[in-house]
Each structure stands twice: as structure tokens, then as C-alpha cells.
Amino acid sequence: MLKKTTSIITALISLLFLLMAGNVIKKHYIQIPGINHDQKLEKVYVTRVYDGDTFRTADGENVRLIGVDTPEINHEEGTAEYYGREALAYARKHLEGKYVYLEYDQDRRDKYGRLLAYVFLTDGIFFNASLLEEGYAHLITVPPNIKYLSLFKKTVKKARGEGAGIWSRLKVKEASLPVIGWEEAENYIGKEVIVRGQIVDTYNSGQALFLNFDREYWRTFRVVIFSEDLNKFGFNPEEYFDNKCIKVMGKVKEYEGKPEIIVDSPEEIMVIKNCL
């Protein structure tokens with residue numbers, strides 16, 4: 001009887017532990033709809049993590065995670081973009097010195113010869129999605145590797161809405177930078193500021209997207225997003241920001257006699273409720 005009771009208690013404790021563990025990782029774990037868990041994923045051992053989205057395996061392969069772009073780190077100069085060190089620490093904690101599973105998409109290598117992969121941890125966590133969910137990475141879309149694009153868009157939208165990780169940058173900067181109306185931008189050439197206002201007109205030239213605050217855009221302040229940076233957004237910026245009140249952070253530059261801010265990263269611009 002005692003043996004049976006002990007077995008029951010042990011089973012209950014094990015069940016409780018599993019439930020607690022589930023609560024701990026719930027935020028990080030993302031069940032992938034439609035994924036075939038019987039498929040053969042490549043098991044590799046991670047020997048070194050270079051940054052949040054790149055690592056090296058024991059067999060000498062450099063692996064670049066698909067769909068994510070973490071802030072850059074310059075190891076030689078000891079500098080990092082906002083949240084770059086945090087992303088590196090997160091990747092090292094979960095990848096370095098551990099086995100992981102790789103899933104490939106249509107293009108298996110990039111122009112640098114690196115393997116392009118979706119990474120799953122041994123406990124089932126989808127690491128690419130976890131980076132987006134926790135705000136350690138931007139979404140970056142490079143066709144034809146778009147198998148989980150729909151999931152990634154939903155995940156990054158949630159992180160952006162919660163101000164997680166990199167998405168906290170604007171809020172943090174508000175404590176130290178001047179916050180001005182778009183009409184004042186011409187007085188801050190060469191200075192880093194946060195500009196508020198309503199987008200009333202947009203134009204995509206094919207080389208850049210222009211967000212304008214006045215119908216007479218040819219002589220007033222504007223926001224510029226170059227085409228190569230548009231795929232960092234998990235949405236269409238031209239449609240999303242049109243007629244919205246926004247705040248944008250950056251250095252005011254003068255181009256052809258008018259002020260502008262160039263946005264090269266999505267966390268530098270966001271929609272706000274009040275234009276004033």
C-alpha cells in the first residue's frame with residue numbers, strides 16, 4: 001500500500017513539475033501549425049554564437065536564421081546597436097554548447113555560403129519565432145524562404161504592440177531627446193530628435209518610400225525609408241502609416257533645401273493616438 005501511495009505521489013509531483021515548466025516556457029513556445037513533426041530535421045551541435053541570428057556548428061557550418069534580423073554587433077570595436085548585446089546573450093543562453101534541429105526552406109544557402117535555417121530547440125521551442133516574440137529581432141522577408149511568414153508577422157505585431165525589446169527604443173529615447181512638431185524640424189538640422197505629426201501623403205518612387213506631413217511635400221519635412229529596408233517591416237509601411245499620427249526618431253538632415261529623417265529600422269517609427 002505504501003509503495004502504491006508513493007508511486008501516486010511521485011506521479012503527482014511529476015505532473016505538477018511539468019505544468020510549472022509549461023507556464024515558464026509558455027511565452028517562448030510557439031506551436032507551428034501544419035508542421036510535420038515526423039519530418040527529418042538535421043540535428044547539429046552549436047559551438048559558437050556570433051550574434052543573435054548567426055552561429056557556427058561543430059561540423060564547421062555557419063548558420064543564418066531565416067526571417068529574423070537582430071541588431072548588429074561590431075566585435076572588433078566593441079560596439080552594438082540597441083538591444084544587440086541582449087540578443088546575443090539570449091542566443092548564447094539557448095544555443096551555444098547545445099544540440100538544435102535545423103529545418104530548411106527553398107534556398108538552403110545565402111550568397112556568403114551560410115546555411116539558411118529555421119531552428120528548433122530540443123524542447124520544441126521555435127527559436128526564430130521566439131526571437132521575434134521577445135523583441136530581440138526584426139522580421140526580415142527574403143523570398144523564396146517564406147514558409148512561416150504568416151506566423152512571423154503575427155508574432156512581431158504582438159511584440160511591437162507590447163513594446164518588447166527593440167520596440168522599447170523610442171520610449172526610452174523620449175527621456176533624453178527633444179520631442180518636436182514636424183513644422184519645427186528645419187530648426188534642428190544635424191540634431192537627433194523625435195518628430196510628431198500626421199502623415200497626409202505617401203509616395204513610393206521605387207527607390208524609396210516618402211512619408212509626407214504636408215500636401216506641399218516638395219518644401220516641407222518628410223520621412224524617407226529606402227527600398228532595401230522595407231522588407232524589415234512586418235507590414236506595408238506605405239499603407240500602414242498613411243493618414244496616421246506618428247512619431248519618428250532620428251537625425252534631421254537637409255536634402256535639396258528641406259529637412260528629412262531617414263528611417264532604416266522599424267522601431268524608429270510608430271503610430272500614436274494623438275498627433276499633438
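The values are calculated or read from the model by the stated rules, or taken from the named source; none is laboratory data. No experiment lies behind these values; they were computed from the predicted model shown. Counting neighbours? That spans all protein chains shown, and the Cβs are built from the backbone with ideal geometry, glycine included.
List of remarks:
- Contact annotation: residue pairs with Cβ atoms under 7 Å, 6 or more positions apart or on different chains, pairing a residue in the range 204-216 that is assigned by TED's automatic domain parsing to the domain that holds Val248 with a partner that is assigned to a loop (DSSP other than H, G, I, E, B) and among the hydrophobic types (A, V, I, L, M, F, W, C), are Leu211/Ile199; Asn212/Ile199; Asn212/Val200; Phe213/Ile199; Phe213/Val200; Phe213/Phe221; Asp214/Val200; Arg215/Val200.
- The one condition in (1) surrounded by fewer than 21 Cβ atoms within 10 Å (Cβ to Cβ); (2) in contact with a helix residue (DSSP H, G or I) (Cβ under 8 Å, 6 or more places away or on another chain); (3) closer than 20 Å to Glu239 by Cβ that Leu149 fails to fulfil: (2)
- Arg85 falls short of the stated requirement of being crowded, with 16+ Cβ neighbours inside 10 Å and among the basic types (Lys, Arg).
- Any hit, the range 108-129, residues being more than 25 Å from Glu228 (Cβ to Cβ), within 14 Å of the chain's Cα centre (by Cα), surrounded by 15 or more Cβ atoms within 10 Å (Cβ to Cβ) and not basic (Lys, Arg): yes
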